[in-house]
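Have a look at the structure below, then the notes.
No lab work stands behind these numbers, since they all come straight from the coordinates. Note that the structure is a prediction, hence the values are computed from the model and not measured. Here the Cβ positions follow ideal geometry from the backbone for every residue, glycine too, while neighbour counts run over all protein chains shown.
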Amino acid sequence: MSNRLLNSLSLLIVFISLPISPWQSALAETRPRPHIQIRGIYGGSPTQLLEQNKRLPELGVNAIFMGSGSLTEERIAQLKQQGAQVFAEFNTMHVANYLKDHPDATPIGVDGKISPPPQGWQGICPTHPGYRKYRMDEFRRVLKEYEIDGIWLDYHHSHASWERAVPDMPETCFCERCLTQFQRDTKTSLPEAPTSELSQILLNKHKAAWVQWRCDLFTDWVREFRSIIDETRPKALLGTFHCPWSDTDFDGALKNKLAIDLKAQAKYVDVFSIMPYHARFNHPQDPAWISRQTAWLGKYLDIKGEPEERLKIWPIVQLSDWGEEVPVEQVHSVLDHGTRPPATGVMVFRWGSLHPQTDKVDAMIEYYRAIKP
């Protein structure tokens, strides 16, 4: 064998043995994934693409998620003409302007004083009847006025800022209304004492009852949202954007701090859109965290991703930069992990800041086209 041939074989062996990058590996996985029903964009209509005379089916996109306040009949009709489903995002517990005229809806902390908005995130007391009616009326209006295919609850958790690597989750709400309702609902008697003392009793002696009661409050909101859909637009899906943690992360903060009881809400929700923003949540070099969290959710809720199942998981994955940068080389890997079972749909976060990054938009389109059945 000649030296030239030996050298060529040696180079070939070296090339073959080189490690495959995550991007190359994800590219190898870009084949049709018939279990993926939804290939979506979150954050508004992609008008920048439509103005270039591009059609959504050619881009592999078949679903658009936009804020309920940006819905118009014309926009919905335009998207549906292109075969896309249209879903609305609905803010439940984060309409801070409400507090200007209703300060009694402000969450109260363990010291009996107003709890400052953590990292600027302003929540609302979940027992305030006026605020609840306000959101339910708006929820009903959106469903009546617009022919949407579904509506997704957003910010449906307690007064906290968890969308960050280090969450900020104060204990709330210890207003007189909450304390009275807790005692009535749980048949628990609290002593006559300052709020600072009562909060410690609730967080220690009665912690299990307090945590479950708070979770039940937020679940009951979901029950009422479900009833409004059933009355108003029964074919619409009810989805929820929610924290991607497991039940043990941050000492069980999903229930203990955020008051999110996924198993209880599953009775009323159709689609769980877990929010595994890998870069934002301190996993910038680990897109596989996305599929690990989705797999946990499937196991926790017994969702396998099979066609006949009522409950579905459609993750919303991070492509746009938010704090940490998401490089274009990660786009295929992020979408690969976001479309693995038990997920049966996926959407990308978020169009408003993503569309100027045309290289990442092109990579998204490439992936969506490749997995389209």
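Compute the signed sum of charges (Lys and Arg +1, Asp and Glu -1) over the other residues within less than 14 Å, Cβ to Cβ, of Pro191. Let's see the in-between values first.
On the way: positive: Lys205; negative: Glu192, Glu197.
Charge balance in the 14 Å sphere: -1.
Could you tell me what fraction of 2.2 N^0.38 Å the Cα radius of gyration of region 75-221 comes to, as a two-decimal ratio?
On the way: Rg = 18.0 Å, N = 147, 2.2 N^0.38 = 14.7 Å.
Compactness ratio reported: 1.23.
Obtain the nm distance between the two label points defined at Asp249 and Ser189 by a simple spin-label model: each point lies 7 Å from its Cα along the Cα-to-C-beta direction.
Going from the Asp249 label point to the Ser189 one covers 4.2 nm.
When only C-alpha pairs under 8 Å and at least 6 residues apart count, what is the relative contact order of region 229-345, in percent?
26 percent
Roughly what would the spin-label model give for Gln48 and Lys80, points 7 Å off Cα along C-beta, in nm?
Computed distance between label sites Gln48 and Lys80 equals 2.8 nm.
Expressed as a whole number of Å, what is the distance separating the alpha-carbon centroids of region 176-229 and region 296-373?
Region 296-373 and region 176-229 have Cα centres separated by 36 Å.
Can you check what the net charge comes to around Met66, using other residues whose Cβ is under 10 Å from the Cβ of Met66 (Lys, Arg +1; Asp, Glu -1)?
On the way: positive: Arg75; negative: Glu89.
Around Met66, the charge tally is 0.
If you average the sequence gap of Cα pairs under 8 Å that are 6 or more apart and divide by the length of the chain, what percent do you get for the contact order? Present the calculation step by step, with values, prior to reporting the outcome.
Details: 640 pairs, mean separation 78.5, N = 373.
The normalised contact order for the chain reaches 21 percent.
Over the Cα atoms of region 159-282, what Rg and Dmax result, in angstrom?
Spelled out, the Cα radius of gyration and Dmax of region 159-282 are 16.4, 50 Å.
Using the structure shown, list the pairs from Lys263/Lys312; Lys133/Lys263; Lys235/Lys372; Lys235/Lys263; Lys267/Lys312 with a Cα-Cα distance above 18 Å, or answer none.
Lys133/Lys263; Lys235/Lys372; Lys235/Lys263
Distances over 27 Å make up what percent of all Cα-Cα pairs in the chain? Walk me through the numbers before you get to the answer.
Values: 36080 of 69378 pairs.
Here the long-distance tail beyond 27 Å is 52 percent of all Cα pairs in the chain.
Rounded to whole Hz and in sequence order, give me ³J(HN,Hα) for region 217-230 from the Karplus expression 6.51 cos²θ - 1.76 cosθ + 1.60, θ = phi - 60°, writing x for Gly and Pro.
My calculation for region 217-230 gives 4, 5, 5, 5, 4, 4, 4, 5, 4, 4, 5, 5, 4, 4 Hz in order.
Per residue of region 257-270, in order, report the coupling 6.51 cos²θ - 1.76 cosθ + 1.60 (Karplus, θ = phi - 60°) as ³J(HN,Hα) in whole Hz, putting x for Gly and Pro.
10, 8, 6, 9, 10, 4, 5, 5, 5, 4, 5, 10, 8, 9
Could you work out [θ]222 nm for the chain from helices alone, using -39500 (n - 2.57) per DSSP H run of at least four and dividing by all its residues? Round to the nearest 500 deg cm²/dmol. Intermediate values should be presented prior to the final figure.
Details: 16 runs with 158 residues, N = 373.
The per-residue figure over the chain is -12500 deg cm²/dmol.
Amide H to amide H under 5 Å from Arg39: which residues, 5+ apart in sequence or cross-chain, H placed 1.01 Å off N in plane?
Here Asn62, Ala63, Val346 satisfy the definition.
Quick one: which residues, 5 or more positions from Ile108 or on another chain, have an amide H under 5 Å from its amide H? H modelled 1.01 Å from N in the peptide plane, none for Pro or chain starts.
Distant-sequence amide H within range of Ile108: Ser115, Phe174, Cys175.
What is the spread of the Cα atoms of region 235-373 along each of their three principal axes, largest first, in whole Å?
Taking max minus min along each principal axis of the Cα atoms, region 235-373 gives 41, 36, 24 Å.
Along region 325-335, what does the Karplus equation 6.51 cos²θ - 1.76 cosθ + 1.60 (θ = phi - 60°) give for ³J(HN,Hα), rounded to whole Hz, x for Gly and Pro?
Computed from phi, the couplings for region 325-335 are 7, 9, x, 4, 5, 8, 4, 5, 5, 4, 6 Hz.
List every residue whose amide H lies under 5 Å from the amide H of Leu153, counting only residues 5 or more places away in sequence or on a different chain, with H placed 1.01 Å from N in the peptide plane.
Long-range HN contacts for Leu153: Phe90, Gly239, Thr240, Phe241.
Restricted to Cα positions, what overall size does region 25-124 have along the principal axes? Three whole-Å values, descending.
Ordered largest first, region 25-124 gives principal extents of 56, 39, 22 Å.
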